[in-house]
Amino acid sequence: MRLTMVGTGYVGLVTGTCLANKGNDVTCLDIDAGKIAQLQAGRVPIYEPGLEEMIEHNVRAGRLHFTTDKDAAYRPAEAVFICVGTPSDDRGRADLTAVIAVARDIAAAMQAAPGATGGDADNDPEKIVIVKSTVPVGTNARVKAELAAHTSKPFHMASNPEFLKEGAAINDFNKPDRVVIGVETDHAADRLRDLYTPFVRQGNPIYTMDIPSAEMVKYASNCMLATKISFINEIASLCESFGADIDQVRLGMCADARIGNKFLYPGLGYGGSCFPKDVLACISMGQESDTPARVLEAVDEVNNAQRQRFIAKIDKHFGGALAGKRVAVWGLAFKPGTDDMRQAPSVTIIRHLLDAGATVAAYDPVAEHTTREVFGDAIAYVDDPIEATDAADALVICTDWDEFKNPDFRAVKKGMKSPVIFDGRNLHRLDAMRRAGFTYYSVGRAVVTP
Ligand SMILES: NC(=O)c1ccc[n+]([C@@H]2O[C@H](COP(=O)([O-])OP(=O)(O)OC[C@H]3O[C@@H](n4cnc5c(N)ncnc54)[C@H](O)[C@@H]3O)[C@@H](O)[C@H]2O)c1
């Protein structure tokens with residue numbers, strides 16, 4: 001199929017590349033000329049394992065193209081996937097400005113095509129317009145109205161929420177747990193089913209449903225995952241207050257098959273470009289419809305409190321006197337496997353350290369360039385985790401990259417001014433840290449002193 005991805009970010013780029021890899025002809029369109037120039041030059045603007053090689057392969061095969069030319073991207077496309085950002089606005093609602101702008105662009109390109117109905121199979125085929133961005137229920141209807149207001153040509157609407165995880169995006173797209181397709185016409189259902197069938201050869205389901213339900217599936221899924229994180233963090237806080245150990249509680253609790261052991265790790269709270277904004281958007285949907293999303297309000301509150309609770313441990317340890325202290329930070333990205341810094345807990349923590357007068361030496365295997373966009377030269381970036389701890393008064397672990405799970409703690413301790421670790425990811429065993437001679441703070445567990 002001839003496809004166009006609008007928005008060449010994490011979702012558009014991964015989706016476009018994986019669809020090209022199955023033999024489709026894919027054009028990725030973006031208004032960010034710098035991003036498109038990089039891609040045209042063979043450089044991938046984001047870090048995503050396996051993506052660069054797959055892009056290179058499909059570009060070479062002539063199936064994957066990058067452009068800023070809207071007309072050239074929209075006119076020949078049989079299906080257009082809207083993959084632009086839907087960030088929170090100042091009231092927490094999903095900002096649909098980009099989605100609606102794209103709808104107008106698509107309509108303009110359709111309208112400019114010769115003929116009364118479109119349908120020239122080679123140059124201007126009848127299109128399926130697919131909203132892949134995460135959007136509140138009712139957005140597809142708004143996009144449809146916007147298209148209909150600006151073109152008389154026929155088209156089909158579809159909702160196809162994306163469930164990929166940054167850091168594992170290629171695998172998630174190639175082997176989805178499920179594909180969700182919201183449709184109004186058989187044509188859209190059939191074509192999207194054709195498109196996704198190669199990805200579900202192991203028998204995972206393609207669910208076809210009405211569009212509002214498809215839109216809601218995405219929010220419900222992300223909100224459920226965010227709820228699990230806030231839930232386990234709340235239990236971790238109770239463990240700290242009452243002398244229980246969250247690691248043991250977790251094991252005992254997760255052995256119950258009804259609960260399961262996935263996505264129930266205590267830490268610094270959820271971050272990234274999706275959970276925080278999707279929880280807020282769902283809360284807004286509740287407010288707008290007089291159906292308050294009370295659980296989600298609490299989920300958001302617990303998440304914000306989780307970072308502050310961790311910061312309070314650092315403050316308390318130093319008696320509030322962080323000025324002049326040197327703090328090493330391991331891990332900047334909001335989670336391992338990505339360079340995405342959007343809503344990363346490390347940002348809240350580093351900002352606090354800097355405001356309190358501390359200096360920060362940070363190490364992340366891939367997120368230095370994106371962290372520079374946030375902090376510029378206000379912190380020092382080092383190429384090696386041990387180097388970061390040199391002469392440090394404390395080490396703060398923000399991201400659970402594998403390489404932090406078994407570091408040379410003898411070298412760490414030797415270089416540090418005082419051997420204190422604040423581990424926001426519970427990467428280490430308490431007895432091991434005691435033996436290694438550290439004062440060790442973690443989440444939902446006792447404080448260890450040597
Ligand atoms: N990042 C994820 O892990 C993930 C997973 C599932 C769903 N989503 C959802 O997918 C959507 C996109 O997320 P993302 O992380 O890929 O966003 P992103 O910010 O990485 O990329 C969005 C891209 O859209 C481009 N854009 C904006 N307006 C445009 C326009 N008018 N025409 C063409 N391009 C335009 C931007 O320049 C940018 O490159 C969001 O709704 C998000 O919630 C994201």
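The values are calculated or read from the model by the stated rules, or taken from the named source; none is laboratory data. The structure displayed is predicted, hence computed values, not measured ones. Please note: Cβ atoms are built from the backbone with ideal geometry, for glycine as well, and neighbour counts cover all protein chains shown. Accessible surface is based on the protein model in full, side chains and every heavy atom, while ligands, DNA and RNA are left aside. Shrake-Rupley method; radii C 1.70, N 1.55, O 1.52, S 1.80 Å.
Tabulated data for the structure shown
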| quantity | calculated |
| --- | --- |
| Within the chain, helix-based [θ] at 222 nm, where runs of 4 or more DSSP H residues each add -39,500 (n - 2.57), nearest 500 | -13500 deg cm²/dmol |
| In order through region 250-261: 3J(HN,Hα) via Karplus (6.51 cos²θ - 1.76 cosθ + 1.60), integer Hz, x for Gly, Pro | 4, 4, x, 6, 6, 5, 6, 4, 5, 8, x, 10 |
| Rg over Rh, two decimals, region 326-450 (C-alpha only, Kirkwood Rh) | 0.94 |
| Charge context of ALA394, other residues only, Cβ under 15 angstrom, K/R +1, D/E -1 | +2 |
| Gain upon complete extension [ALA298, ARG2; 0.36 nm per residue less C-alpha separation] | 102.1 nm |
| Rh (Kirkwood; distinct C-alpha pairs) - the chain, Å | 23.7 |
| Dipole moment magnitude, nearest 20 debye, region 194-280 about Cα centre, only Lys, Arg, Asp, Glu C-beta charged | 180 |
| Added length on full extension, which subtracts the Cα-Cα distance from 0.36 nm per residue, ASN406 to ASN123 | 96.2 nm |
| From phi via Karplus (6.51, -1.76, 1.60), per-residue ³J(HN,Hα) for region 135-143 in Hz, x at Gly/Pro | 9, x, 4, x, 5, 4, 5, 5, 5 |
| Point-to-point label distance, ALA446-HIS369, nm (Cα→Cβ direction, 7 Å offset) | 4.6 |
| Proximal charge balance of HIS317 [Cβ under 14 Å; K/R count +1, D/E count -1] | +2 |
| Residues with amide H under 5 Å from that of TYR381, placed H, sequence gap 5 or more | ALA362 |
| ASP355 paired with ARG178, simple spin-label distance in nm, labels 7 Å along Cα-to-beta-carbon | 4.1 |
| Cβ-derived FRET efficiency at R0 30 Å, ARG60 paired with ALA380, nearest 0.05 | 0.15 |
| Solvent exposure, largest accessible area first (probe 1.4 Å, DNA, RNA and ligands not counted), of ARG307, ARG191, ARG372 | ARG372, ARG191, ARG307 |
| Nonlocal amide H pairs with VAL179, under 5 Å, H built at 1.01 Å | ILE206, TYR207 |
| Considering only the chain, percent of DSSP beta bridges that pair antiparallel, nearest 5 | 10 |
| Net length gained if the chain between GLU387 and ASP194 were fully extended (0.36 nm per residue, minus Cα distance) | 64.3 nm |
| Cβ charges +1 (Lys, Arg) and -1 (Asp, Glu), total dipole of region 177-244, debye | 220 |
| Three-way shape call for region 210-450 based on the alpha-carbon gyration tensor, with the a/c threshold at 1.5 | prolate |
| Carbon + sulfur, % of accessible area of region 196-250 - ligands and nucleic acids excluded, 1.4 Å | 60 |
| Net charge over other residues, Cβ less than 9 angstrom from the Cβ of LYS335 (K, R count +1; D, E count -1) | -2 |
| Accessible surface, per residue, of region 14-168 when the full set of protein chains is kept, probe 1.4 Å, Å² | 41 |
| Accessible surface, per residue, of region 210-450 when the full set of protein chains is kept, probe 1.4 Å, Å² | 45 |
| Student exercise, the chain dipole from Lys, Arg, Asp, Glu Cβ charges, in Debye to nearest 20 | 1080 |
| ³J(HN,Hα) computed for each position of region 226-241 - Karplus, 6.51 cos²θ - 1.76 cosθ + 1.60, integer Hz, glycine/proline x | 5, 5, 4, 5, 5, 4, 5, 5, 5, 5, 4, 5, 5, 4, 4, 5 |
| Rounded percent of accessible protein surface that carbon and sulfur make up, region 374-450, 1.4 Å probe | 46 |
| With 10 Å bins from 0: P(r) over region 2-209, alpha-carbon pairs, percent | 9, 36, 39, 16, 1 |
| Nonlocal amide H pairs with ASP423, under 5 Å, H built at 1.01 Å | ILE397, TYR441, SER442 |
